[in-house]
Each structure stands twice: as structure tokens, then as C-alpha cells.
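Encoded as C-alpha cells, the structure appears first; notes follow it.
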Amino acid sequence: MFQQPQAKINLGLYVTERRPDGYHNLQTCFYPIPLTDNLEIKELRNSNEPWSLQVAGNEVEGDAKDNLVVRAYESLREEFASLPPVDIYLYKRIPTGAGLGGGSSDAAAALCMLNDMFALGLSADELERRAARLGADCAFFVRSRPAMAEGIGDILTPCDVSLRGWEMVLVKPDDFVSTREAYAHVRPRPVLRGDAERMPIADVLRRPVEEWRGRLSNDFEDSVFLSHPRIAAIKETLYDMGAAYASMSGSGAAVFGLFRHRPESAEEVFKDCFLHQARLLK
């Protein structure tokens, strides 16, 4: 079975409070974009090993057993003892350390594929619950449709925002921003109605995209931009090129810009970075 797990961007991201368990509650909108990995899973016959994994494309660091696709398989195998061995081929296009959710998307796709391949009978809600155990944003990718996310990113509410027809320019420099680094310097702050500087994200998304600048923000930008000025410069460059709205995605390091018309100069301007340009279709 073959599937193309999608990346996501964050439309706004507020860190609202630090929880007693050390995690943080947040408010954001997850939005799927047409940047995908390739994932193929086949039943592995006559094997003494439960799984094999081959990864190509962008380099993925770490031990194979820690790959989220493998962890997704192992989590189902603990529950469904009859799950047979599988051969997994993963081609990575979505850059890692970018705030695009590539690993989480791969894991969610694996859960859905295994459920279908071996008739496990799990509903989308049940798959979301299992995905959330693998990572805070994994549940979103089970349905991969625009959604408001709260809690640690695992409480999802469908969102009717649409960017259909907009041109997206996505830029990822070589900078690496760890999640720990991003959270270490962020200052949680609640979202209060009537606060003109921190409007609820859902309220801003009801406005035209051209009105998002100055109203829709990512709380990680202030601290990340201080230690990674190149990421800040990319955002400003996207605005200089005519973006109606630009933002860092997640905790970085990818930055995206939304344009009414496809800019012609992006490949030259960002030639030293990972660059993905696409017309959004949802």
C-alpha cells in the first residue's frame, strides 16, 4: 500500500500556559499543504524480524527503531498480536526540524495504512487517539484537514478556513531549531477576547488573508528570531517580495509566505535554502 503523507503549516500559534506536567497548552490552526513524503508498506513474508525500514531522500537522523513510522507499527502490534511483519519504504521530501510535522504525518499515515491493510477495524476517532500517543500533532494528520488545535495540540476542532488559490512559498534554511530551544525562551500568555494585540486565532482567520499581518502571530518568533536572524530575514524578504502574509511554521525553522500571484524570483532569492512553491488547493 502506498500513501503520500502531507506536511502542515501553522496559521498563528499562541503558547497560552505552562502545564503542571511540564508541557505547554497552545492555540493554533493546523493547515495541510501539498508537500509530501512517500510511504509504502508491504507485508513481509518469511521473516524472523517484525519490520524492515528503508529511508531515502532527505537524511533522517537517529536509530531506525525510533522512527515514528516504526513506532506506529510497534504500537499497533502490541495491541493486535496478529499483525504480520512489514517492509517499510519511506522517501523523505518534508524537511526535518522545520515545524512542518513531517514525522508526525508519516506516523499517522502508517497507522491508517496498517488499519486498512490488515482490517483492524479502527475508526478515525480511534486512530486519532492512538496517533496522539505518538506525538502531540500526530492526531491532526489522520484526517489532514484544517483544524484548530488546543491543549498540547491534540484537541482538534474542524476549521472552515480555506486558502484555495493562494500561492505558497515555503523556505527552510539550514538553521536547526530544537523544540526544547524554542520553548525555553517563550513566555506563555492567555488569549483574552478584547485584547487587540492577541485576538483569538479563529477570529482572525475569518478575516481576509490581507488583514492577517499584525493580527495573526507565532509566539515562537520573538525568541527564535533573536538566535536565528536568518529565519527572521527570510520572513521580511517574503514580505518584500509581496506576500500578503508570512510566518514561521511551528517552532521553526521553515517560513512560509502567501501570495496572490506566484513570485518569479523566489528560486534565485532563496537558492541556498530548501524551497517549495505550490498553489494551495484546499
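The values are calculated or read from the model by the stated rules, or taken from the named source; none is laboratory data. Quantities reported herein were computed from a predicted structural model and do not represent experimental measurements. Cβ: placed from backbone, ideal geometry, glycine included. Neighbour counts: every protein chain shown. Note: areas computed on protein heavy atoms with side chains; ligands, DNA, RNA excluded. Shrake-Rupley method; radii C 1.70, N 1.55, O 1.52, S 1.80 Å.
Mind listing the phi-derived Karplus ³J(HN,Hα) values for segment 206-212, rounded to whole Hz, using 6.51, -1.76 and 1.60 with θ = phi - 60°, and x for any glycine or proline?
Values, residue by residue: 6, 7, x, 4, 4, 9, 6 Hz.
Scan the chain and hand back the longest stretch that contains none of the GluC sites (Glu not before Pro) lying in DSSP loops with at most 14 other Cβ atoms within 10 Å.
In short, 62-196.
Given the options Asp222, Asp195, Asp21, which has the most mean-square fluctuation in a GNM of the chain, springs set between C-alpha atoms less than 10 angstrom apart?
Among Asp222, Asp195, Asp21, the largest GNM mean-square fluctuation belongs to Asp21.
Which aspartates and glutamates have a Cα less than 15 Å from the Cα of Lys282, not counting those fewer than 8 places away in the same chain?
Result set, ordered by chain and number: Asp160, Glu167.
Filter the cross-link list Lys8/Lys65; Lys8/Lys235; Lys42/Lys65; Lys65/Lys92 down to pairs whose alpha-carbon distance in this structure exceeds 28 Å.
Exceeds cut-off: none, every pair is within range.
Within the accessible area of segment 1-121, what % is carbon and sulfur when the probe is 1.4 Å and the other protein chains stay in place? Display every interim value, and only then the final one.
Values: 2310 of 5480 Å².
So the carbon and sulfur contribution to the accessible surface is 42 percent.
Considering Cα pairs under 8 angstrom that are at least six residues apart, work out the relative contact order of segment 115-229 and quote it in whole percent.
Computed value for segment 115-229: 15 percent relative contact order.
To the nearest 20 debye, what is the magnitude of the charge dipole of the chain about its Cα centre, counting +1 on the Cβ of each Lys and Arg and -1 on the Cβ of each Asp and Glu?
620
Under 8 Å for C-alpha pairs, at least 6 residues apart: give me the relative contact order for segment 1-73, rounded to a whole percent.
Value for segment 1-73: 30 percent.
With a 1.4 Å probe and every protein chain left in place, work out the accessible area per residue of the chain in Å², rounded to a whole number.
48
Can you give me the relative contact order of segment 1-124 as a percent, contacts being Cα pairs under 8 Å and 6 or more apart?
On the way: 210 pairs, mean separation 39.2, N = 124.
Taking the mean separation of contacting Cα pairs over the length of segment 1-124, I get 32 percent.
Which of Pro200, Pro84, Pro146 moves most in a GNM of the chain, Cα contacts under 10 Å?
Maximum fluctuation in the GNM of the chain, among the listed residues, is at Pro84.
Using the Karplus equation 6.51 cos²θ - 1.76 cosθ + 1.60 (θ = phi - 60°), what ³J(HN,Hα) coupling, rounded to whole Hz, does each residue of segment 95-110 give in order, writing x for Gly and Pro?
x, 8, x, 10, x, 10, x, x, x, 5, 5, 4, 5, 5, 4, 4
Would you look at the GNM of the chain, springs on alpha carbons closer than 10 Å, and say which of Leu238, Leu111, Leu76 moves the most?
Its mean-square fluctuation being the largest, the pick is Leu76.
Picking from Cys112, Gly242, Leu100, whose Cα lies most toward the positive end of the charge dipole for the chain (charges on Cβ: Lys, Arg +1; Asp, Glu -1)?
Projecting each Cα onto the dipole axis, the largest value belongs to Gly242.
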